[in-house]
1. Starting from the stretch 31-51, keep only residues that are closer than 16 Å to Val71 by Cα, then list their pairs with residues that are surrounded by fewer than 16 Cβ atoms within 10 Å (Cβ to Cβ) and small (Gly, Ala, Ser) whose Cβ atoms are within a distance under 6 Å, requiring at least 6 positions of separation or different chains.
2. So, in the stretch 90-147, exactly how many residues are in a strand (DSSP E or B) and in contact (Cβ under 8 Å) with a residue 60 or more places away in the chain?
3. Name the residue, out of Ser114, Ser141, that is of a type outside the set (A, V, I, L, M, F, W, C) and in contact with a helix residue (DSSP H, G or I) (Cβ under 6 Å, 6 or more places away or on another chain).
Amino acid sequence: MRSILILNGPNLNLLGTRQPEVYGSTTLADVEEMCRTFAQAIGVKVAFDQSNHEGDLVDALHAARGVHDGVVLNAGGYTHTSVALMDAISSVGLPTVELHLSNIHAREPFRHKSFIAPVAIGQICGFGARGYTLAMDALISHLEKTA
């Protein structure tokens, strides 16, 4: 059975209360439950991690190697600043889907640059919490095509 790590970065623990006009009212617990339900329906295992600390996210990516088949990563603000996350994704060799709740390309110019995009298999943004299941579906499709 395939296994996906869903990794969330800084401030995503505040989903549902942090800028609901941008990120919606769905909590991180709601997102995880939605992903568990979807994973069960498509026959995959799913694990979750969240940290506000860049090094913890790098450690989670390293630990995913040999355990998970791919990663859905919402790196939050680290998307636009973290060479370390980009290098970790490259180093572990796991297919990674970059995910954002909001459409980063319709927001402030500094959000248009992603350090994750060059090492990700794709990017999903602007679909709110639904983006997580879209990312899972895209990742599974990619894994099936490359098997």
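Read the figures in this text as sums done on the coordinates, not as results from a lab. Keep in mind that this is a model prediction, so the values were computed, not measured. Using ideal geometry, Cβ is built from the backbone for each residue, glycine included, and neighbour counts are taken over all protein chains shown.
1. Every condition considered, the pairs that remain are Lys45/Ser3.
2. Counting residues in the stretch 90-147 that are in a strand (DSSP E or B) and in contact (Cβ under 8 Å) with a residue 60 or more places away in the chain gives 0.
3. Ser114
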